[in-house]
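Down below is the structure, laid out as structure tokens.
All of the numbers you see were taken from the coordinates with simple rules; none came from a lab. Nothing here was measured: the structure is a model prediction, and the numbers come from that model. FYI the Cβ positions are ideal-geometry reconstructions off the backbone, even for glycines, and counts take in every protein chain you see.
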Amino acid sequence: MQNYRLQWWKILTIVLLYYTVVGGILFPVPRLPIMNETIRLNYFHVPMWFTMMFLFSFSAWFSIKYLRSQEIKHDDFAFESAKVGFFFGIMGLLTGMLWGNYTWGTFWPKDVKLNNTAIGLLIYSAYFVLRGSLEDETQRGRLSAVYNIFAYAAFIPLIYILPRMTNSLHPGSGNNPTFRLFDTAHNMKLVIYTAIIAFILLGYWLTTISIRLRVLNKSNDEKF
Amino acid sequence: MNILLHLIQKEFKLELRRKAVISGITLYLISLAFICYITFSLDHHSISPATWSVLFWLVILFSVVNSVAKSFIGERRGVFIYYYSVASPQAIILSKIIYNTALSFLLSLTGYFLFSVFIENPVDDKLLFVLTLFLTSFGFSSCLTFVSGIASKASNSNVLMAVLSFPVLIGILLLAIKITKNALDGIERAASTDEILNLLAINCILSALAYLLFPYIWRS
């Protein structure tokens, strides 16, 4: 993290993001009833969720490390990755709502996965409220690390397990076919995999910038 | 195991002596049930099952949150240090969860009884409903006890407690309301097994998390 220059993976992120946007808009997509061209939103909606899950896992991992080592650095990592992950979660919800408006007719249909995702994001916003209300650094780090692990462990079943068990509008749950149906026909794989990697790298990049900002602010405060 | 039983006994004894929680919550329940009764007797229509379900779960949610919130937040500093020296954190959190489950279940049953007396009882499948009450009490209690432990270390604890616990409670409540709807309609029990298993799973996850994570909160 000390080397702040444009590293190889940052250049790769930019290249892959360009590819995603250009390929997403220009490459052919399967023609499905109702969805038509809006299926292109798939290239942006799904990577948002993957990035959010990656960043939340990152955050939970660093919370566990903080509880074991008591180093404030780990607490910083956990907080900043949760923050950026939450942002990507909101973006995922917004892209989903946009897509849903064209396919399902409304911005917020009565869907289990949607409700559970909103609940999951509420759990993480409670995490931020908790951090805001505690002053003492060690206590804040410890209590928020504990709550972070609790939130993560509650989040996983909410988003992945519960929707699959019930009838949901999303593909892959209840009686719906999964996205595999689209891939084999028209090579959506060409763009979707690189999109996921690109957005995860972007999320990681944003997290590193966030952490740097936080460390700089802290050292600034200490100098008065 | 011995310590666990002793701690649970201690909680019940304290509660019976002080009667703080029971009296407050009973007053709350009775006044709410009475207000519902007066409102609906004025209307001369019978209440729809959906409205009954909503009112019931609202009352239960707020009663349980208010009663369990006092489990860690109300205790004085000296009592904490005493507990710390006497028992392991796991025993303390488990005893509090079991005590709060019993308390919440008692609350739910009382609320159910009051609602049946004042407003007619539209529940068809009573056993399923009572099972739901028990599972929900356990879920609420484990979540709220754990969050109360976290919030007790912070200032502004009451608001924080509500904010921290609210999302998880809503998740549990969604499942409970789904089962309640099935119980109200009286359809076969097999239709609700999915939700019951889900509730059981959530309870396991929540209590396991509380058991594992509480020692980290306790040290201070």
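Three semi-axes describe the equivalent ellipsoid of region B:108-206; taken as square roots of 5 times the Cα gyration tensor eigenvalues and ordered largest first, they are 28, 17, 9 Å.
Think of the protein assembly as shown as having a plus end and a minus end, set by charges on the Cβ of Lys, Arg, Asp and Glu; of A:Ala151, B:Asn100, B:Gly139, A:Ala151 sits farthest toward the positive end of this dipole.
I want the local charge near B:Pro122. Using Cβ-Cβ distances under 13 Å, sum +1 for each Lys or Arg and -1 for each Asp or Glu among the other residues. With Lys, Arg at +1 and Asp, Glu at -1, the net is -2. The string of couplings for region A:19-26 from the Karplus curve (6.51, -1.76, 1.60, θ = phi - 60°) is 4, 4, 5, 5, x, x, 7, 9 Hz, one whole number per residue in order, with x for Gly and Pro. Ranked from largest, the principal axis spans of the Cα set of the protein assembly as shown equal 70, 60, 39 Å.
Can you give the calculated 222 nm mean residue ellipticity of the protein assembly as shown, where each DSSP H run of n ≥ 4 adds -39,500 (n - 2.57) and the sum is split over every residue, rounded to the nearest 500 deg cm²/dmol? Could you put the intermediate results ahead of the total?
On the way: 16 runs with 355 residues, N = 444.
-28000 deg cm²/dmol, from helical runs alone.
With a Förster radius of 45 Å applied to the beta-carbon distance between A:Thr138 and B:Phe62, the computed FRET efficiency rounds to 0.85. The phi torsions of region B:151-159, fed into the Karplus equation with coefficients 6.51, -1.76 and 1.60 and a -60° offset, translate into couplings of 5, 5, 7, 9, 7, 6, 5, 5, 5 Hz, rounded to whole numbers, with Gly and Pro shown as x. The chymotrypsin sites (Phe, Trp or Tyr not before Pro) of region B:143-220 include none that meets both conditions, a loop assignment by DSSP and at most 12 other Cβ atoms within 10 Å of the site Cβ.
Enter the mean number of other protein chain beta carbons within 10 Å of the beta carbon of each residue in A:201-207, as an integer. List each step's numbers first, then the result.
Numbers: counts 0, 0, 0, 0, 0, 0, 0.
Taking all residues of A:201-207 together, the mean is 0.
Charge dipole of region B:2-218 (Cα centre as origin; +1 on each Lys and Arg Cβ, -1 on each Asp and Glu Cβ, all else neutral): 1040 debye, rounded to the nearest 20.
In the structure displayed, which of A:Lys73/A:Lys113; A:Lys10/A:Lys218; A:Lys113/B:Lys96; A:Lys113/B:Lys153; A:Lys110/A:Lys189 lie more than 31 Å apart, Cα to Cα? Mind showing how you got there, number by number?
Numbers: A:Lys73/A:Lys113 34 Å; A:Lys10/A:Lys218 26 Å; A:Lys113/B:Lys96 33 Å; A:Lys113/B:Lys153 34 Å; A:Lys110/A:Lys189 29 Å.
Among A:Lys73/A:Lys113; A:Lys10/A:Lys218; A:Lys113/B:Lys96; A:Lys113/B:Lys153; A:Lys110/A:Lys189, the Cα-Cα distance tops 31 Å for A:Lys73/A:Lys113; A:Lys113/B:Lys96; A:Lys113/B:Lys153.
Take each peptide in A:76-87, B:154-165, A:103-114, B:118-129, count the other Cβ atoms within 10 Å of every residue, and average; sorted highest first, the result is A:76-87, B:154-165, B:118-129, A:103-114.
Direction-averaged shadow area of the convex hull around the Cα atoms of region B:163-220, nm²? List each step's numbers first, then the result.
Details: hull surface 19.1 nm².
It is 4.8 nm².
Karplus-based coupling profile of region B:91-98, in residue order and whole Hz: 5, 5, 5, 5, 5, 5, 5, 5, with θ = phi - 60° in 6.51 cos²θ - 1.76 cosθ + 1.60 and x standing for Gly or Pro. Of the trypsin sites (Lys or Arg not before Pro) found in region B:33-110, those in coil by DSSP whose Cβ has at most 15 other Cβ atoms within 10 Å are B:Arg76.
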